[in-house]
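Down below is the structure, laid out as structure tokens.
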Amino acid sequence: QVQLVESGGGLVQPGGSLRLSCAFSGMIFSIYSMGWYRQAPGKQRELVATITVGGSTNYADSVKGRFTISRENAKTTVYLQMNSLKPEATAVYYCKAGFNNMDYWGKGTLVTVSS
């Protein structure tokens, strides 16, 4: 069974940076596509960024040029580097692992962007 544990959230001022981590365990990490999603208060969960097994990335338009997703197979971890954060980035950020039409989710980490 896949287990995902997010970390790195917290309070940051507008314009600041945070790096989120998602630790993967339970299966072979390198065969899973990975993604970060977020859910703001009162809104639906939305895609932030994804990264394939081969390292191809995809980003929501709202974060392009400011966020970077990466994966480190040796550490079975996926990261989300978030720069130039805006207040509208305030949300719970979730990590997702996907393989063969099976998706697994972490419990999320809260990011608050506020002065």
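Points to keep in mind about this one:
- Summed over segment 41-69, the residues that are assigned to a loop (DSSP other than H, G, I, E, B), among the charged types (D, E, K, R) and either over 20 Å from Tyr104 (Cβ atoms) or free of Cβ contacts under 8 Å to residues at least 40 places away in the same chain (or both) give a count of 4.
- Within segment 93-115, restricting attention to residues that are over 10 Å from the mean Cα position of the chain (by Cα) and closer than 15 Å to Arg19 by Cα, the residue that is surrounded by the fewest Cβ atoms within 10 Å (Cβ to Cβ) is Leu110.
- Residue list for segment 1-25, restricted to those being open to solvent by 50 Å² or more (accessible area, probe 1.4 Å), closer than 16 Å to Glu72 by Cα and touching a Phe, Trp or Tyr at 6+ places or on another chain (Cβ under 9 Å): Val5, Arg19
- Among the candidates Glu72, Glu88, residue that is free of Cβ contacts under 8 Å to residues at least 40 places away in the same chain, surrounded by fewer than 13 Cβ atoms within 10 Å (Cβ to Cβ) and acidic (Asp, Glu): Glu72
For every residue, the table says whether it meets (1) touching a Leu at 6+ places or on another chain (Cβ under 7 Å); (2) at pLDDT below 95; (3) among the acidic types (Asp, Glu).
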{"position": "Met27", "(1), (2), (3)": "no, yes, no"}
{"position": "Val53", "(1), (2), (3)": "no, no, no"}
{"position": "Ser62", "(1), (2), (3)": "no, no, no"}
{"position": "Arg71", "(1), (2), (3)": "no, no, no"}
{"position": "Tyr79", "(1), (2), (3)": "yes, no, no"}
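The values are calculated or read from the model by the stated rules, or taken from the named source; none is laboratory data. The shown structure was predicted, so the numbers you read here are calculated from the model rather than taken from an experiment. Note that each Cβ is placed from the backbone with ideal geometry, even for glycine, and that neighbours are counted across all protein chains shown. For the accessible areas, the whole protein counts, side chains as well, though only heavy atoms, and no ligand, DNA or RNA atoms are used. Shrake-Rupley method; radii C 1.70, N 1.55, O 1.52, S 1.80 Å.
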